[in-house]
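One structure follows; several queries about it will come next.
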Amino acid sequence: MRMLPVVLERVPRYGPRLEGTPLPYPFPLLPPVVAGTQPLLGATILAAFDADHVNPSGTYDAIVSEAGKELARGRVVL
């Protein structure tokens, strides 16, 4: 069964990854504005799903796609 997220937020990362640096909270609804030109070095995708449709002992394949092309895949075991 395919489930689409109820909420999907993208948190881009400009600059180096620092160990122990948490995501900003509350999570931003819009990407931060970056002055000048900096390369996008990564991102975190936050997805929220309707709990009524999630099996608490289930296994799910999380797929990140854009324009029908699969970009990444990962298995989530609850």
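The values are calculated or read from the model by the stated rules, or taken from the named source; none is laboratory data. Remember, it's a predicted structure, so these values are computed and weren't measured experimentally. Note: ideal-geometry Cβ built from the backbone for every residue, glycine included; neighbour counts use all protein chains shown. Each accessible area value is taken on the protein alone, full model and side chains, heavy atoms only, with ligands, DNA and RNA left out. Shrake-Rupley method; radii C 1.70, N 1.55, O 1.52, S 1.80 Å.
Grab the beta carbon distance between ARG73 and ARG17, set R0 = 25 Å, and tell me the FRET efficiency rounded to 0.05. Don't skip to the answer; put the middle values down first.
Values: r = 22 Å, r/R0 = 0.87.
The computed FRET efficiency comes out at 0.70.
Got a number for the accessible area of SER65? Probe 1.4 Å, square angstrom, nearest 10.
Spelled out: SER65, probe radius 1.4 Å, area about 70 Å².
Going by amide H atoms built from the backbone, whose H comes under 5 Å of the H on PHE49, apart from near neighbours?
For PHE49, the qualifying residues are VAL6.
Compute the distance in nm between two label points, each set 7 Å from the Cα along the Cα-to-Cβ direction, one at LEU4 and one at GLN38.
3.3 nm
Which peptide among 42-52, 5-15, 67-77 comes first, and what is the full order, when sorted by highest mean count of other Cβ atoms within 10 Å?
Numbers: 42-52: 10.7, 5-15: 13.0, 67-77: 7.9.
The densest-packed peptide leads the list: 5-15, 42-52, 67-77.
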